[in-house]
Amino acid sequence: MPEFRETTLSNGLRVAAEIDSRGYSAALGYFVQAGSRNETDQQSGLSHFLEHMMFKGTEKRSAADVSRELDELGGQGNAYTTEEQTVYYATVLPKFQDKLVDLLTDMLSPALSNEEFEVERKVILEEIAKYEDQPPFGAFERSMEVHYGPRGLGRRVLGTAESIRAMTASKMREYFSTMYRPDNMVLAATGNIDFDGLVNQVEKLTISWNSRPDVSSVGFQPDDPQTLPDGIALDHHLYVPDLHQSYLVRIGDGPSESSSDRYASRVLASILGDEGGSRMFWDLIDTGRAEVATVWPHEFTDCGAWFTYLVCSPDDLIANRKQIESIFNDVALHGVTDDELNQTINKASAGIIMQSERPSNRLFGLGSRWLTNQEHLSTDDRLNRIRSVTVDDVSSAAKTYFDGGHFNEIVVSSEEK
Amino acid sequence: MTVLVQPMPWLRTAAFSIAIRAGVDVEPRDLGGLSGLTCEMVQRGAGKHSSRDLVAIQDNLGMDRSSGVSVSTSNFGASMPAESLKEAIELYAQIVQNPHLPEDQLEDARMMSLQEIRANRDEPTHRVMQTLRQMHYGPVLGRPSNGTEEGISKITQSDVREFFESHYHAGESIIAIAGNVDSTLAYQWVEDSFGQWQSNPVTDQEAASGEGGYEHIHSDSSQTHIGFAYRTIPYGHPDYFRMRAGIGILSDGMSSRLFDRVREQQGLCYTVTASCHSLKQDAGVFGYAGTTPERAQQTLDVTLHEISHLVDDLNEAELRRWQTRIQSLLIMEQESSASRASSLASDYYQLGHPISTEELESAIEALTLDQVREYWKAHPPGDYRIVTLGPDRLSNPQDSHTSSVN
């Protein structure tokens, strides 16, 4: 069984690890509580832009050094940004642990040079353009904007082309100094990890992190809630020419990371929307009426959302939506069956076991949970929670979330509205 | 049927991968999509189980499953807790040998295929790469694995049955098993479940017939999506790793040339990649870059320039980084039964024999920079197939090269 260990360094940085000394690999990641929900209008897209800039050099290393060294470690490394977190991670052979820690830790003291900032701005604008071309053409971002409002949780992670064009390197430096403080971060590690070595090394490497200038007193320009941020619209219909399918995203309230019904909600999602054997699958996918018809809960720290996603021929959109509604009404009214529950628990348990086999898969749950809730769930804890979900739990979650309630819907199609 | 078993006793899981010689290359010309539709139909009930029974049993066994068709094979695979393996093998033996092929579900399966075709049309990257494959491998080997609207619409129940009866048999089929399993037991389970499966001769493969050229698809998209390809040697060729190392230096990792020189230094795009794809008789290097229209020509020119000039400044450190990367990947593959089972099956299909992780590691380790350089000098990339999708047509760098020489 993997062993869980954790500590807090003298500068406030928390370190959490799930150690399995038989593992073939070691996964490490810095988890920073900085996401789009922390940004103001003027900072829109900064968490993600900053994530890119961490690969662009430090005082000790050029951008090319960072990329080269990551590759020299043979690591599978990358980073991502969400509404609530920015995460930098890599998986390497255990013999490279020290070198990886040295590199990742140094990367988190970025040079943020003006030249690199200008080159990377172009890459971010390309990334925004890339997603504009990809199904479902920004429908998920739009649904969050409409549901939560265009600020806070509804703020899009990439920012808008307008906010990125207006961004300055000095705004980025301020944001960095405010958010990348050791007490706002977690270093997580899974797999074949030398924990004591890790803690000693990071203690030394991050000793100066607390002396970063605290600019939070500067105060960022507050947003005017009466206006829309640049580049944001709130229409529920998105027109895209020449589409062959139509796309529907529905968002309603759901469980948060600490809600007691979040495991029941996951089981409910599986019964309703899993690909290959759920109620929506049999009615809509197996019959060829839709290409995608699914539903899932997305947990944030203090609230949550249920997303419904439908992709089908434009002619079938209304009928399919009606069918999905009747599936939701039925489960809210009649709940789920023993057979459905058992089948789902068996499938989910196997999924947890398989997923836990690779240290890199375990890293994200560990780091993210430790950052927001200071909570660790071992593989067996998660198995126990899923296995203890009852028919009543699931039926009651269905009543909570699918018995009427407020939701928003975004439709993407080639039909002019 | 070839049976390959690799015990990985340190895992809690096991996985299998079945490959049957029923790929798109043996579809009748006018019935594009028949192999995919048949692959879907065999899973709609088999032996004494209905379609819904099959899913319930698979879920209760905890199987994470996949299926699909490629140029030459139909594939079925799953990973699961090791204790489910025996039943899972028995179940899939029923699926590929005794499917019901229920006529009353043919329309549903057909609709499913059409959904997929329509969805792919909304995906610019997919459209570009599919058009490119067709240009590269020609109309037979390059046909889309999910078929065409015309082909799918024409398929009848007897087409499905005929395809199944002609191509679902043990001849040249493979089952690869990896994970926490005793090999003697695993062979026995396969023998018991597949031992009676008839073995027929397999249709010879066609030669590829693609040609160089440039095709543009007009679209008012935000980016211009650029695909390019050229002919190369397949996996299994004695020089393969010399070629592959060059592609690795170009495109594997953050310090690779395309990522560094096209994206990081110039900010021309977010995505730029090149990778190798092998059939038994042919192969290609396939690349993609997406960028806003005003920078598309420059992106295409710079990308192809980097590929053509790979050998100008090759250095030892680049090769070493790539070798370390592959070594790490191979070691980490020991953590996943699914990944190992699928490599075993595809290696065997491509090479005609399994290759152990150690053999592969030493082949990679033994490569020298001179070998890579000599191979690339002797076989310079050329005769590109290029496809773009976006507001404006680009000029084909190969044409401008020709005219400047003239």
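Tabulated data for the structure shown
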item: Options A:Trp296, A:Trp306: the member that is buried (at least 21 other Cβ atoms within 10 Å of the Cβ), out of contact with any Asp or Glu (no Cβ under 6 Å at 6 or more places or on another chain) and not hydroxyl-bearing (Ser, Thr, Tyr); result: A:Trp306
item: Failed item in (1) in contact (Cβ under 8 Å) with a residue 12 or more places away in the chain; (2) more than 14 Å from chain A (Cβ to nearest Cβ); (3) more than 28 Å from A:Arg68 (Cβ to Cβ), with B:His353 passing the rest; result: (1)
item: Residues that are under 26 Å from the mean Cα position of the chain (by Cα), under 24 Å from A:Asn192 (Cβ atoms) and surrounded by fewer than 19 Cβ atoms within 10 Å (Cβ to Cβ), drawn from segment A:82-105; result: A:Asp102
item: Residue tally, condition touching a residue at least 12 places away in the same chain (Cβ under 8 Å), of a type in the set (A, V, I, L, M, F, W, C) and buried (at least 21 other Cβ atoms within 10 Å of the Cβ), over segment A:346-369; result: 3
item: Odd one out for A:Ile124, checked against (1) of a type in the set (Val, Ile, Thr); (2) out of contact with any Ser or Thr (no Cβ under 7 Å at 6 or more places or on another chain); (3) at pLDDT below 95; result: (3)
item: Subset of segment A:237-291 (residues that are within 30 Å of A:Glu415 (Cβ to Cβ), away from chain B (no Cβ under 14 Å) and assigned to a loop (DSSP other than H, G, I, E, B)); result: A:Gly254
item: Qualifying residues in segment B:209-226 (those that are within 14 Å of another protein chain (Cβ to nearest Cβ), of a type outside the set (Ser, Thr, Tyr) and surrounded by 20 or more Cβ atoms within 10 Å (Cβ to Cβ)) - the one farthest from B:Ile247 (Cα to Cα); result: B:Gln223
item: Matching option when the condition is touching a helix residue (DSSP H, G or I) at 6+ places or on another chain (Cβ under 8 Å), within 14 Å of chain B (Cβ to nearest Cβ) and surrounded by fewer than 21 Cβ atoms within 10 Å (Cβ to Cβ), among A:Ala79, A:Ala63, A:Ala26; result: A:Ala79
item: Residue match in segment B:102-109 (condition: under 26 Å from B:Met1 (Cα atoms), touching a helix residue (DSSP H, G or I) at 6+ places or on another chain (Cβ under 7 Å) and small (Gly, Ala, Ser)); result: no
item: Entirely in segment B:113-210, the helices (runs of 4 or more DSSP H) that have 3 or more residues that are in contact with a Leu (Cβ under 7 Å, 6 or more places away or on another chain); result: B:124-141, B:149-154, B:157-167
item: Residue list for segment A:22-79, filter: at pLDDT 95 or above, assigned to a strand (DSSP E or B) and not β-branched (Val, Ile, Thr); result: A:Ala26, A:Ala27, A:Leu28, A:Gly29, A:Tyr30, A:Phe31, A:Gly57, A:Ser62, A:Ala79
item: Filter pass, A:Lys122 being within 8 Å of chain B (Cβ to nearest Cβ) and either free of Cβ contacts under 8 Å to residues at least 12 places away in the same chain or in contact with a Cys (Cβ under 6 Å, 6 or more places away or on another chain) (or both); result: yes
item: Some residue of segment A:228-235 being surrounded by 21 or more Cβ atoms within 10 Å (Cβ to Cβ) and touching a His at 6+ places or on another chain (Cβ under 6 Å); result: no
item: Unique residue being free of Cβ contacts under 8 Å to residues at least 24 places away in the same chain and either surrounded by fewer than 23 Cβ atoms within 10 Å (Cβ to Cβ) or under 30 Å from A:Thr91 (Cα atoms) (or both) when the list is B:Phe241, B:Phe194, B:Phe164, B:Phe259; result: B:Phe259
item: So A:Glu51, is it within 21 Å of A:Leu125 (Cβ to Cβ) and in contact with a Ser or Thr (Cβ under 7 Å, 6 or more places away or on another chain); result: yes
item: Qualifying residue in segment A:38-52 (condition: among the hydrophobic types (A, V, I, L, M, F, W, C), within 13 Å of another protein chain (Cβ to nearest Cβ), touching a residue at least 40 places away in the same chain (Cβ under 8 Å) and crowded, with 22+ Cβ neighbours inside 10 Å); result: yes
item: Criterion: under 16 Å from B:Gly147 (Cβ atoms), more than 10 Å from chain A (Cβ to nearest Cβ) and out of contact with any Lys or Arg (no Cβ under 9 Å at 6 or more places or on another chain) - qualifying residue of B:Val26, B:Val96, B:Val71, B:Val5; result: B:Val26
item: Among residues of segment B:262-282, those that are surrounded by 21 or more Cβ atoms within 10 Å (Cβ to Cβ), at the interface with chain A (Cβ under 10 Å from one of its Cβ atoms) and in contact with a Gly (Cβ under 7 Å, 6 or more places away or on another chain), counted; result: 2
item: Any hit, segment B:26-45, residues being under 21 Å from B:Glu87 (Cα atoms), small (Gly, Ala, Ser) and out of contact with any Ser or Thr (no Cβ under 6 Å at 6 or more places or on another chain); result: no
item: Search result, residues across segment A:194-250 that are touching a residue at least 60 places away in the same chain (Cβ under 8 Å), at positive phi and among the small types (Gly, Ala, Ser); result: A:Gly231
item: Checklist (1) within 24 Å of B:Tyr270 (Cα to Cα); (2) among the small types (Gly, Ala, Ser); (3) within 14 Å of chain A (Cβ to nearest Cβ) applied to B:Ser308, failing item; result: (3)
item: Selection status of A:Gly159, within 21 Å of the chain's Cα centre (by Cα), facing another protein chain (nearest Cβ under 9 Å), crowded, with 21+ Cβ neighbours inside 10 Å and of a type outside the set (Lys, Arg); result: no
item: Some residue of segment B:55-66 being buried (at least 18 other Cβ atoms within 10 Å of the Cβ), assigned to a loop (DSSP other than H, G, I, E, B) and hydrophobic (A, V, I, L, M, F, W, C); result: yes
item: Enumeration of residues in segment B:290-305 that are facing chain A (nearest Cβ under 10 Å) and either buried (at least 21 other Cβ atoms within 10 Å of the Cβ) or of a type in the set (Ser, Thr, Tyr) (or both); result: B:Gly290, B:Thr291, B:Thr292, B:Thr299
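The values are calculated or read from the model by the stated rules, or taken from the named source; none is laboratory data. Given the structure is predicted, the values throughout are model-derived calculations rather than measurements. Cβ: placed from backbone, ideal geometry, glycine included. Neighbour counts: every protein chain shown.
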